[in-house]
Amino acid sequence: ELLVMLDAFRRASASRITVVMPYYGYARQEKKSTGREPITAKLVANLLTTAGANRVVTIDLHSPVIQGFFDIEMIHLTTVPLLANHIRAITNLQDAVLITPDTGRVKVAEKYVNLLNLPLVVMHKQRSGERGEGVEVSAIVGSVEGKRPIIIDDIIATGSTIATCAKALLDGGALPDMTVAAVHGVFSSPAEELLGMPEITRIIVTDTIPLQNQVLAHKTSVISVADLLAEAILRLHEGRSISALFRRWNEEFPV
């Protein structure tokens, strides 16, 4: 539908077409994991460009490399300050520790470290199976004994990574009071079963994807990204700097 609308706008001689995609689908397929696999994140970028988009606005890509897939302007916004503020507001930070379930997310995790002034623990995970559906934790770098884990990630899909990490943290002596914070809450099956474990006491996501999972609703907080997108769209419409928006955030949130 989006591609059809883009084609219609282009044929109607629109002077500029901006696509606002809070959640960039297929972002996790930005490289080949095995042979004969597509790089769908690049394909979607090509489709948007060919259909007539002049600019794309999105939030917290799975990998910043995807920005280079576009030959048009790509505006990459972040919700790290919003999530960090909410974590501080609803979570007991005493004896808390930040957990990144993937070594590839360490740079993003360091932003949370600066905002929340908490230690960071890195988990090394390995995927198994033909399509990488299995997850195993091979090592935990840092101490979690007697700590309240705050697991941070960009996407919660099936919840297998979060659930596996939570079990490994419990085995490492972590307290059964865990917070999970992610930008995009996909919550595909079997997320409600895996994340329903009582040791995960709260889940924080944004509304880049509408929350439709009622089973997890009782312990899920949803943060609105409306103000962030509205400010970015207004600045684009008025020809003002988007980087100034980030500089303003940097003064308040050192990310």
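The values are calculated or read from the model by the stated rules, or taken from the named source; none is laboratory data. Quantities reported herein were computed from a predicted structural model and do not represent experimental measurements. Every residue, glycine as well, gets a Cβ built from its backbone with ideal geometry; the counts of neighbours run over all protein chains shown.
Quick notes on this structure:
- Annotation for region 149-157: no member residue is at pLDDT 95 or above and surrounded by fewer than 18 Cβ atoms within 10 Å (Cβ to Cβ).
- Flag if GLY146 is modelled with pLDDT under 95, over 28 Å from MET21 (Cβ atoms) and not aromatic (Phe, Trp, Tyr): no
- Pick from region 137-180, criterion of a type outside the set (Val, Ile, Thr) and in contact with a His (Cβ under 8 Å, 6 or more places away or on another chain), ranking: farthest from TYR26 (Cα to Cα): ALA139
Conditions (1) at pLDDT below 95; (2) surrounded by fewer than 17 Cβ atoms within 10 Å (Cβ to Cβ); (3) of a type in the set (D, E, K, R); (4) within 19 Å of GLN67 (Cβ to Cβ), marked per residue:
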residue: ASP7; (1), (2), (3), (4): no, yes, yes, no
residue: PRO22; (1), (2), (3), (4): no, no, no, yes
residue: ALA27; (1), (2), (3), (4): yes, no, no, yes
residue: LYS31; (1), (2), (3), (4): yes, yes, yes, yes
residue: GLU37; (1), (2), (3), (4): yes, yes, yes, no
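- Members of region 134-151 that are assigned to a strand (DSSP E or B) and either of a type in the set (S, T, N, Q) or more than 14 Å from the chain's Cα centre (by Cα) (or both): GLY134, VAL135, GLU136, VAL137, SER138, ALA139, ILE140, VAL141, ARG148, PRO149, ILE150
- Taking region 1-99 and the strands (runs of 3 or more DSSP E) fully enclosed by it, the elements with 3 or more residues that are in contact (Cβ under 8 Å) with a residue 60 or more places away in the chain are at 55-59.
- When region 88-115 is filtered for residues that are in contact with a helix residue (DSSP H, G or I) (Cβ under 6 Å, 6 or more places away or on another chain) and either not assigned by TED's automatic domain parsing to the domain that holds ASP177 or not aromatic (Phe, Trp, Tyr) (or both), the ones remaining, listed by number, are LEU98, THR100, PRO101, LYS111, LEU115.
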